[in-house]
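All remarks here apply to the structure that follows.
The values are calculated or read from the model by the stated rules, or taken from the named source; none is laboratory data. No experiment lies behind these values; they were computed from the predicted model shown. Cβ sites come from the backbone with ideal geometry, for glycine too, and all protein chains shown count toward neighbours.
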Amino acid sequence: MSAIAEAVAAGRLPGRVWMYADYHCNLACTYCLTESAPGVPRRELGHERMVEIAAEAAELGFTDLGVTGGEPFLLMSLPGTLAEMAEHLPVLVLTNGTLFTPKRLARLEPILGRRVAMQISLDRPDPDANDGMRGPENFGKVVEAIPRLVERGIRVRIATTVESIEEAELDRLCALHRDLGVPDEDHVIRPIVRRGRAVDHGLGVTARQQDLPAELTITTDGAFWSPFGPTVSAGVVDTDLLITRTTRPLGVPAGALLRLVENRPPGDDVALNIR
Amino acid sequence: MECRYASYEPVTSSAASLTVEIAWPNVSRMSAVRLLAAGEAPLLARPYYGDGDPGPIVAALAHVPELLEVALPFIGAALGPSALSWRTKELVIVRVSALAGCRYCVQTHTAVALDAGLSREEILALRLSLDYREVFAGAAERAVIAWSDAVAAGHGPVSGQARDGLRAHFAEHETVELTVTAGATLMLNRLATALELPTSPGTLSRLTSEGLL
Ligand code: SF4
């Protein structure tokens, strides 16, 4: 058993490896950590590398994969990539959920019946409140897409990212996700993290290294401590949570991450409940 | 005083003239890469930042933290305190840096060489402004400088004369260390020159007051 596998099995190291599939997005949310928007540099990891990382992660003893961006589904080949990755480990892919037109839904065929779940952002139970931060028509597209995905047998999680939310509003949001076919255990609520564009808008909480679980995160710019690490400020990728520029073989950043984790007191990675 | 250091020019101990006068170009230009501030320091680089500014070599290498964390201990071992005397190591470092035309390393190590007890005249000789054979009387130190010249020039094997000169005064392990000191210095010379690393204001003002800028 590798040192990584032992640490994961013992709960000392989170089991999930994240990948930034890309950095561009069809939206430009006010709290976006990566300053994503349609015209930004794409920084695409690429099909081949993503599948390779999946295989290496499985071999090292990680247990799960996460894919984020940008908006990963802007990559037309993504479903095929996810399907190949899922042959190695289960995959959770984060999406804004706005691209699932009937044509795009048909393109999801490769992931049907595979170990691929989606996490879709939905912040508020009302279109106006939701779309204020995320852009026009976001709410409508998301509530339209979720049942379409669920009825195809795709597991959908809903992520609510907010500064704060009133109890009554949260109740309505939970009623909505249940209506859409998403059970309570698949609804996560998390704070806005003050990095990237959230800084410009004075939003969110400051996340220090010890506030963030040590989830190995691979991008074209290197390996980071957490998916909250490779954020973008004024067009430049932040380096404060960079682990190594080397990502191949994956054992290099994974070993460095383990070394960093073992030098810190246990149990200090849950302070903000950022997952 | 004007800047009077050499850009790279192969010089051997048998060269007829050992002094050159060339000014540094574009001293005020920005470095070629951002020097990462403490708040931007990657996780593996943080231990090298202490409480603040780690100097431009660390702040540049921090862009590739996995390289920094192996390069820094090596640089420390190669250029820091060791079996060779401090003064001997600074002879090598200043000489090689001058031959490589490295403004940053020459300026920074001029200050270190002063601390190590070298005189202004000795430093000027190491920096090619004076003929070292007229300034350094000791045969051992002249042998070190000749060896440094040969290693920095990099024109094939070191001459038999330079080798014999060193062998007369230094053990094998010292020969290895002198050579590694020269090689590590060259590596830093290339890094600092290509990336145009800035000399610290404190060093510049000290060199100004010593007439060694
Ligand atoms: S937060 Fe997500 S959906 Fe919004 S702009 Fe950023 S990447 Fe796109």
Within segment A:90-129, which residues are assigned to a helix (DSSP H, G or I) and over 19 Å from the mean Cα position of the chain (by Cα)?
-> A:102, A:103, A:104, A:105, A:106, A:109, A:110, A:127, A:128, A:129
Any chance residue B:121 is within 23 Å of residue B:154 (Cβ to Cβ), surrounded by fewer than 24 Cβ atoms within 10 Å (Cβ to Cβ) and at pLDDT 95 or above = no
Could you look through segment A:10-37, keep only residues that are more than 9 Å from the ligand (Cβ to nearest atom), assigned to a loop (DSSP other than H, G, I, E, B) and of a type outside the set (D, E, K, R), and pick out the one that is farthest from the chain's Cα centre (by Cα)?
-> A:10
In this structure, does residue A:51 turn out to be assigned to a helix (DSSP H, G or I), of a type in the set (Val, Ile, Thr) and closer than 17 Å to residue A:26 by Cβ?
-> no
Given (1) hydrophobic (A, V, I, L, M, F, W, C); (2) within 16 Å of the ligand (Cβ to nearest atom); (3) over 23 Å from residue A:254 (Cα atoms); (4) part of a loop (DSSP other than H, G, I, E, B), where does residue A:45 come up short, assuming only one miss?
-> (3)
What number goes with the only condition from (1) free of Cβ contacts under 8 Å to residues at least 40 places away in the same chain; (2) of a type in the set (A, V, I, L, M); (3) surrounded by fewer than 17 Cβ atoms within 10 Å (Cβ to Cβ) that residue A:118 does not pass?
-> (3)
Which ones in segment B:152-176 are not in a loop (DSSP other than H, G, I, E, B) and not aliphatic (A, V, I, L, M)?
-> B:160, B:161, B:163, B:164, B:165, B:167, B:172, B:173, B:174, B:175
Cross-chain or 6+ apart pairs with Cβ under 7 Å, segment B:120-143 first and assigned to a helix (DSSP H, G or I) and among the hydroxyl-bearing types (Ser, Thr, Tyr), then crowded, with 21+ Cβ neighbours inside 10 Å and at pLDDT 95 or above = B:132/B:125; B:132/B:126; B:132/B:145
Hey, residue A:230 within 14 Å of another protein chain (Cβ to nearest Cβ), closer than 20 Å to residue A:66 by Cα and more than 19 Å from the chain's Cα centre (by Cα) or not = no
With the condition kept exactly as written, say whether any residue in segment A:64-71 is more than 16 Å from residue A:118 (Cα to Cα) and of a type outside the set (A, V, I, L, M, F, W, C).
-> no
Report yes if residue A:56 is surrounded by fewer than 19 Cβ atoms within 10 Å (Cβ to Cβ) and more than 15 Å from the ligand (Cβ to nearest atom), otherwise no.
-> no
Among the residues of segment A:187-202, is any under 20 Å from residue A:121 (Cα atoms), touching a Pro at 6+ places or on another chain (Cβ under 8 Å) and not polar (S, T, N, Q)?
-> no
Residue set B:178, B:188, B:204; condition under 30 Å from residue B:60 (Cβ atoms), of a type in the set (A, V, I, L, M, F, W, C), surrounded by fewer than 17 Cβ atoms within 10 Å (Cβ to Cβ) and in contact (Cβ under 8 Å) with a residue 40 or more places away in the chain; output residue B:204
Is there any pair linking a residue in segment B:34-51 that is more than 7 Å from chain A (Cβ to nearest Cβ) and surrounded by 14 or more Cβ atoms within 10 Å (Cβ to Cβ) to one that is of a type in the set (S, T, N, Q) and not in a helix (DSSP H, G or I), with Cβ under 9 Å and at least six apart or on different chains, and which?
-> B:45/A:239
Check whether at least one residue in segment A:73-84 is within 19 Å of residue A:182 (Cβ to Cβ) and either more than 16 Å from the ligand (Cβ to nearest atom) or outside any helix (DSSP H, G or I) (or both), and report yes or no.
-> no
Does at least one position in segment A:155-178 carry a residue that is without any contact (Cβ under 8 Å) to a residue 12 or more places away in the chain, within 12 Å of chain B (Cβ to nearest Cβ) and either out of contact with any strand residue (DSSP E or B) (no Cβ under 8 Å at 6 or more places or on another chain) or not polar (S, T, N, Q) (or both)?
-> no
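Yes/no matrix, rows are residues, columns are (1) in contact with a Lys or Arg (Cβ under 6 Å, 6 or more places away or on another chain); (2) of a type in the set (Gly, Ala, Ser):
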{"position": "A:1", "(1), (2)": "no, no"}
{"position": "A:10", "(1), (2)": "no, yes"}
{"position": "A:23", "(1), (2)": "yes, no"}
{"position": "A:37", "(1), (2)": "no, yes"}
{"position": "A:42", "(1), (2)": "no, no"}
Only one of (1) in contact with a His (Cβ under 7 Å, 6 or more places away or on another chain); (2) away from the ligand (no atom under 15 Å from the Cβ) does not apply to residue A:113, and that is (1)
Go through the residues of segment A:162-175 one by one and say whether even a single one is within 20 Å of the chain's Cα centre (by Cα) and under 30 Å from residue A:77 (Cβ atoms).
-> no
Hey, any hits in segment B:100-110 for a residue that's under 17 Å from residue B:183 (Cα atoms) and among the β-branched types (Val, Ile, Thr)?
-> yes
